[in-house]
Amino acid sequence: MTDNKNTPELISGQDSLRVFESLNRGMSRRNALQMLGVAGVAAAGAGSLFGGAGRLFADEAAAVGKGKPGGKIRVAGMSSSTADTLDPAKGALSTDYVRHFMFYNGLTRFDKHLVPQLELAERIDNTDATLWTIALRKDVTFHNGKPLTAADVVFSLVRQKDPITGSKVMALLEQFAEIKASGPNEVQIRLSAPNAELPSILAVSHLLIVPEGTTDFSKGIGTGPFTVGEFKPGVRSIAVRNKNYWKPGLPYLDEIEFIAIGDEPSRVNALLSGDVHMINEVNPRSTTRIAASARHRVVDAPSGNYTDLIIRQDQLPGKSPEFTQAMKLLLDREQVKSAVFRGFAVVGNDHPIAPGSRYFNADLPQTVYDPEKARFLLKKAGMESITMPLMASPAATGSVDIAVLLQQSAKQAGLTLNVNRLPSDGYWSNHWMKHPLSFGNINPRPNADVMFSQFFQSKAPWNESGWQNEQFDQLLMLARGETDDAKRAKMYADMQTLVHDHCGIGVPVFISNIDGVDQRIKGYDSNPLGGFMGYMFAEQVWLDA
């Protein structure tokens, strides 16, 4: 927990929830502090409130000690290889991320609303969202007994910028102009331009903290809830409870064996037979089997994952705004939700921010299925009777089924679409973003800035539809430097409107992560980052055998 001077003495769970929801609606942190009655804590930036009240939201359930200590569980992920790594910077698969959160901590950590909460950082302050000062906890030691210091944090962040490291987030760290220790337990980060979302960036799994000078990552020396009992890349890992973990009472489990079963039916069979306690990436078609078992349950975790229709804006027919709008109107979202994803999805609205996300624009009118209006727009564009290919692949989750539904809808508007089913192998390198009409699949990103920067900014390398919008680009830059939540929320709302109205992206639904869990596993919740509670289940669940 934080220092007493930064922690509210008495606050009910109901009050916590009320303040938390108000923050998500845009209340300023200063007003939130006034609601809490916290004296002496200045709302001077994105991290300041979380030095006190914010930690309460993330740790409330754990702090009351609801969990039952002891027990060993076996967990099966979906993918594994000899390239499995315990180096957080190189994490590339969901199995990597799960292991990394077992053995390491970050400066911040996402809660289930994707709001960053303090972790190894005791306090975060900023000046103009450019100079950030991070005070570290003083009660934290690595698995080898070494105390956590500023030098460890500087090393962990600076190595991300070195091409030799091979970090998967090296481009994200380009904005870190200077990283230095400003005291034994204090770090300063100076950005090349303002970015109020730095606490979210610091919560990314690749930026978990390792000891200064680490070159051998096979032992997984971190500050996390578990230590490495065994690590065999492509085979299994065993995590053993860290008895000296800096969070009192955590973790609950004594041991976690983590394996991978690539075949989904085999993964489900392993769960139902009792061979494993937990699996991820369950196909919606398999949910009935799991739900029929009295000893298991399905965990439906709404996420920001989406499969999108890509209408290239830099070539015909996508250059026509009428054609682009017509294609969005031909997406029968409710049918996609029920027929393709068996209800394990929520309806999308042609922009990448999912309902329930921190800056979701709930006031934006919903695009609805309207083949008649689509026919009118196609005729206006002079394309009422054309025939064209539509590229889809199993590589983009559900896209083949969505394409078939879209093909049927297009017939009603006088448009003939020929669905080309492309193999998964080579789809992302050879076909994604390279056809007038195709599909993509985008995994959740930690915040709106990262999502918009990677996929919608004019110069973004993954700008799927080749969309260029100067107003959007300007808003993106302004939002990064805006420390007032309400003002930044308005900017993100305007950006969603621009994408919805003008971009060549159709987002029919946001796809749930589906996990299968043994009923004896308690404390299991969801996180929109991904399955396995956003890969962070290890320190939060217990076995009630």
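Assorted remarks:
- Where both bridge residues fall in the range 304-512, DSSP classifies roughly 65% of the beta bridges as antiparallel.
- In this structure, the residue pairs whose Cα-Cα separation is over 25 Å, taken from LYS68/LYS90; LYS138/LYS232; LYS146/LYS243, are LYS68/LYS90; LYS138/LYS232.
- Sorting TRP246, TRP428 by solvent-accessible area of protein heavy atoms yields TRP428, TRP246, largest first, with a 1.4 Å probe.
- In a DSSP loop and with at most 16 other Cβ atoms within 10 Å, the trypsin sites (Lys or Arg not before Pro) in the range 466-545 are ARG520.
- Where the range 105-215 is the region considered: accessible area per residue in Å², 1.4 Å probe: 36 Å²
- Here LYS522 and GLU334 are evaluated by their C-beta separation; at R0 = 51 Å the FRET efficiency comes out at 0.90.
- Estimated from helical segments only, the mean residue ellipticity of the chain at 222 nm is -7500 deg cm²/dmol, where each DSSP H run of four or more residues counts as -39500 (n - 2.57).
- Listed residues PHE231, LEU207, ILE164: farthest to the positive end of the dipole of the range 99-235 (Cβ charges): PHE231
- Cα centroid separation, the range 137-215 to the range 528-545 (Å): 25 Å
- As a ratio to 2.2 N^0.38 Å, the alpha-carbon radius of gyration computed for the range 105-215 takes the value 0.99.
- GLU178/THR214 FRET efficiency (R0 30 Å; Cβ-Cβ; nearest 0.05): 0.85
- Residues in the range 314-342 that a label on LYS373 would reach, taking backbone N under 17 Å of a point 7 Å out along Cα→Cβ: 321-335
- Approximate spin-label separation LYS138-ASP275, in nm, with each point projected 7 Å along Cα-to-Cβ: 5.2 nm
- Charged side chains reduced to their Cβ positions (Lys and Arg at +1, Asp and Glu at -1) give the chain a dipole of some 560 debye around its Cα centre.
- Share antiparallel - DSSP beta bridges, the chain, percent rounded to 5: 80 percent
- As a ratio to 2.2 N^0.38 Å, the alpha-carbon radius of gyration for the chain is 0.98.
- Pairwise FRET efficiency - ASN443 versus GLU230, Cβ, R0 = 41 Å, nearest 0.05: 0.90
- Distant-in-sequence amide H partners of GLU212 (H built 1.01 Å from N, under 5 Å): ASP152
- Among the chymotrypsin sites (Phe, Trp or Tyr not before Pro) in the range 436-545, those placed in a DSSP loop whose Cβ has at most 16 other Cβ atoms within 10 Å are TRP462.
The values are calculated or read from the model by the stated rules, or taken from the named source; none is laboratory data. The structure displayed is predicted, hence computed values, not measured ones. Counting neighbours? That spans all protein chains shown, and the Cβs are built from the backbone with ideal geometry, glycine included. For the accessible areas, the whole protein counts, side chains as well, though only heavy atoms, and no ligand, DNA or RNA atoms are used. Shrake-Rupley method; radii C 1.70, N 1.55, O 1.52, S 1.80 Å.
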